[in-house]
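Here is the structure we will look at, set down as structure tokens.
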Amino acid sequence: MSKKTVFLTGSSGNMGWAGFKELYAKKDKYNIVLLNRGSKKNREKFAKYEGDPSVKLVWGDLGKYEDVLKCVKGADYVLHVGGMVSPSADYYPTKTVVTNTTAARNIVNAVKEQPNADDIKVVYIGTVAETGDRNAPIHWARTGDPIKISIYDHYAASKVLAEQIFAESGLKHWVSLRQSGILYRNIIKNMDPIMFHVPLNGVLEWATVEDSGRLLANICDESVPEEFWRRFYNIGSGDEYRITNYEFEEFLLNALGVGKVQKLFDRNWFVTRNFHGQWYLDSDVLDDYLHFRANMPVNEYFDYIKSQAPFYMKLAPAAKLFPGIVKMAMKKISEQEIYGTNWWLANKVQDRISAYWGSMDEYNSIGTWKDYNPDAERPTKERSYLDHGYDESKAIEDITLDDLKKAAVFRGGECLATEEEYVDFYTPIKWKCAHGHEFMMSANLVLKGGHWCPSELPTNCEGKKFHWDYDKEAKLNPFFAQVWYPLHDKNENNVYTEAIFKGFEGFKD
């Protein structure tokens, strides 16, 4: 058998590097094409692969079509992992959306330019952030649940738009894999205000970087069946990795031996809502296809993180002797300009206070660690499902136009397609949302992806503005109301508009 060629983006990042190592271990089966920026750091990282006949190093830019086209030519698989991510995305919001959507379009167009476009298999790595804040009681989730970009989450906005580009591309072999939070050895070095943007009782089903790397290699195996493609999946390392954010902090601090959460942080430095994260109802589906999980107990994985940490991190137990000094350093992070939670409070940034706590009254009611019982407040392991508004027991080929019309009504709108126009599940048809916007979208993206009217997404880059009015949407859209009202008062009526333009305080676009 001839070797397959795999084009991998983002190989200098955590997931991409893990994927590259897994593919390289099988270089008897694969030729690997890597597109990376030609920075000194990247060139040093891949120096030992220069001249390796199994690896083609291309120094370029995902935003430049000719660079992408050069890598797509001759490829059997395109694994698109690369792009701008948080926390950089928070500081460069417009650049993030433009960069990530341009890369998606370049890949789609380059694949379509190939004579064997229908044979090329394209893998897009999305994100758990696409479905936003899923605190209890709606902490169990699956693909097809409503897209809900958390307020001010520009990274999620970019990933939702990019996912639409792939799903509506007309390519015969694409798939969107929504990545969860990734556990990797250097996660302990992330000291950014975003560490306080997570609710302590929020949940996440983490994915280890090793599992994620195996996933990328295994998806290139010829045993993956045809039915796998043109679908949406959630990536997670399984039940063992379904923990709360408080438990994550405990695992990390215990592994490092630096002391208790209560000694190093104040409880009210953390937000209480408007992040993202969920326990997956359906992540086992992806593992059933790709068999990527190593199933290491989560506490052992954190011990592994410690064993792989730089030497100075292994000296961290000395912090137990000086917890006050460590706490002062953590507080400084929470007070950083623009994105520090304590900075928002000190400067009375009302929109941020409203988005992340609800109000100052709700913030003031948080209490101290003495009032907090993590076991009693832990979300239930009992699974619950949202209503998707149609008969989900039906196979895709059995879904009728009547099913689509019923689903549209549940979303507050209409399906305007005729029987003649409903060609198949993957061809865009006309819909209308509750606000009167008409738009084209495939039944697949609506029913299986959870997407809806593009006009209601907070992604108006052309106008240099991001706009969220979820209270209005929930009043008109019962499908969306399922993920809004359990976490928000029906009388809030908050609208969030963030202008992005040159010189705007806090942004560097």
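The values are calculated or read from the model by the stated rules, or taken from the named source; none is laboratory data. Being a predicted model, the structure only gives us computed values, none of them experimental. No Cβ is skipped: glycine too gets one built from the backbone with ideal geometry, and neighbour counts run over all protein chains shown. In case anyone asks, the SASA skips ligands and DNA or RNA and just uses the protein heavy atoms, side chains included. Shrake-Rupley method; radii C 1.70, N 1.55, O 1.52, S 1.80 Å.
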Item to check | The listed residue being β-branched (Val, Ile, Thr), open to solvent by less than 40 Å² (accessible area, probe 1.4 Å) and assigned to a helix (DSSP H, G or I), out of 101, 5 | outcome: 101
Checklist entry - Going by the conditions given, is residue 206 open to solvent by less than 10 Å² (accessible area, probe 1.4 Å) and of a type in the set (Phe, Trp, Tyr)? => result no
Next on the checklist: Residues to consider are 252, 286; find the one that is assigned to a helix (DSSP H, G or I), touching a Phe, Trp or Tyr at 6+ places or on another chain (Cβ under 9 Å) and open to solvent by 10 Å² or more (accessible area, probe 1.4 Å).
Outcome noted: 252
Next on the checklist: For a quick check of your reading of the model, give me the residue pairs whose first member lies in the stretch 24-52 and is touching a residue at least 60 places away in the same chain (Cβ under 8 Å), whose second is open to solvent by less than 50 Å² (accessible area, probe 1.4 Å) and not aromatic (Phe, Trp, Tyr), with beta-carbon atoms closer than 7 Å and at least 6 apart or on different chains.
Outcome noted: 26/217; 30/6; 30/23; 30/220
Checklist outcome for this item: Restricting the stretch 28-62 to residues that are of a type in the set (Gly, Ala, Ser) and loosely packed, with under 14 Cβ neighbours inside 10 Å, the one farthest from the chain's Cα centre (by Cα) turns out to be 51
Checklist entry - Under the condition of being open to solvent by less than 90 Å² (accessible area, probe 1.4 Å) and either of a type in the set (S, T, N, Q) or on the phi > 0 side of the Ramachandran plot (or both), which residue from the stretch 291-329 is modelled with the highest pLDDT? => result 299
Item to check | Residue that is modelled with the lowest pLDDT, among those in the stretch 487-509 that are surrounded by fewer than 15 Cβ atoms within 10 Å (Cβ to Cβ) and among the aliphatic types (A, V, I, L, M) | outcome: 499
Checklist entry - Mind checking whether some residue in the stretch 330-351 is touching a Leu at 6+ places or on another chain (Cβ under 7 Å), closer than 22 Å to residue 132 by Cβ and surrounded by 14 or more Cβ atoms within 10 Å (Cβ to Cβ)? => result no
Item to check | Options 392, 462, 419, 382; residue that is at pLDDT below 95 and out of contact with any Lys or Arg (no Cβ under 8 Å at 6 or more places or on another chain) | outcome: 462
Checklist entry - Got at least one residue in the stretch 167-181 being crowded, with 23+ Cβ neighbours inside 10 Å, outside any loop (DSSP other than H, G, I, E, B) and of a type in the set (Lys, Arg)? => result yes
Checklist entry - Consider residue 68 against the criteria (1) part of a loop (DSSP other than H, G, I, E, B); (2) touching a helix residue (DSSP H, G or I) at 6+ places or on another chain (Cβ under 9 Å): it satisfies all of them except one. Which criterion is unmet? => result (1)
Checklist outcome for this item: residue 115 meets each of (1) under 28 Å from residue 221 (Cβ atoms); (2) assigned to a helix (DSSP H, G or I) with one exception, condition (2)
